[in-house]
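A short worksheet on the structure shown next.
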Amino acid sequence: MQNSCLKYLTIFFVFFNSFLQPVYCQPTTARVVVADSLFNQKQYLEAFAKYEQILVEDQQYSPTMLLKMAFIKEGLRDYTGAMYYLHLYYAKTPNRTVLRKMEDLAQAHRLTGYEYSDLQFFKTQFRKYYQNILEGLLLVAVVVITFTLFRHTTKPITNSFKIGFTLYLAFIFYYINYLDFGREGIIRYKQIPVMSAPSAGATWLATANPGQKLQLIGEEDIWYEVRWQKQRAFIRKQNILVLP
């Protein structure tokens, strides 16, 4: 009986471990070589088109590729695009150098929403190791279950242990399904109206400019609910580039 349980527990853990493997990998296709060659020749528009094709179609990218895309967008004065690719880079390789770059870029072009704190840096680090932490939690659960099955033959399981382990499993369930640090987005276009309600006939509150970053707190139909200057507001979804 114990051997059978161990067999199923092993299969269970191997399945989860393989399922949770990171999907991020560095592209090695010939298109990357071509794009890098175009970039080195300062043919930036052509290089960006190749990089974007790799990103969209192959769902693959390296940190270096993202920095090059951000560099090209900044050179084109597309600060929304520059910030977006810097955020993509930061999501995979969080470091304070990138934070300072985004802050400097925001200050130079009067963009709001890029003030960073130690708490935000911690959240990014936590996101980076989300899968590793989850694998650790699942491994502990498997070890505890295995140990308990062996021990149960000689010593009964106490109610306090059952309650504690149930709470632990509930935490894993919450971690997988409900843990959320919120979403953010960047204004894409010029002169975007910020409304008091999700309606074109609502009260106009302000005008947002491209590159400004906002906290997304909800959505309704074609509108995102955002935090605008410490108050609730709405902006059409087509006008916001959602950050990863």
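The values are calculated or read from the model by the stated rules, or taken from the named source; none is laboratory data. Just so it is clear, the model here is predicted, and its values are computed rather than measured. Here the Cβ positions follow ideal geometry from the backbone for every residue, glycine too, while neighbour counts run over all protein chains shown. Ligands, DNA and RNA are excluded from the accessible area calculation, which covers all protein heavy atoms including side chains. Shrake-Rupley method; radii C 1.70, N 1.55, O 1.52, S 1.80 Å.
Computed from the Cβ-Cβ distance with R0 of 22 Å, the FRET efficiency linking Leu76 to Gln107 stands at 0.65. Could you pull out the pairs from Lys92/Lys237; Lys68/Lys237; Lys92/Lys162; Lys101/Lys123; Lys128/Lys155; Lys128/Lys237 whose alpha carbons sit more than 30 Å apart here? Going by Cα-Cα distance, Lys92/Lys162; Lys128/Lys155 fall outside the 30 Å limit. Computed with a 1.4 Å probe on the full set of protein chains, the accessible area for Phe161 sits at about 80 Å². In the stretch 27-110, the C-alpha radius of gyration followed by the widest Cα-Cα span (Dmax) gives 12.7, 39 angstrom. In this structure the amide hydrogen of Val226, modeled in the peptide plane, comes within under 5 Å of the amide hydrogens of Ile217, Ala233, Phe234, Ile235, none closer than 5 places in sequence on its chain. Note on Thr97 and Phe161: their simple-model spin labels are 5.0 nm apart, each label 7 Å out from Cα toward Cβ. If you plug the beta carbon distance of Tyr189 and Phe126 into 1/(1 + (r/R0)^6) with R0 = 30 Å, you get a FRET efficiency near 0.40. Within the assembled protein chains, the solvent-accessible surface assigned to Lys42 is about 150 Å², based on a 1.4 Å probe. Note on Tyr178/Val143: beta-carbon distance plugged into 1/(1 + (r/R0)^6) with R0 of 22 Å gives a FRET efficiency of 0.35.
Taking K and R as +1 and D and E as -1, what net charge do the other residues with C-beta under 12 Å from the C-beta of Leu45 add up to? Charge balance in the 12 Å sphere: 0. Once all protein chains are placed together, Glu115 keeps about 130 Å² accessible to a 1.4 angstrom probe.
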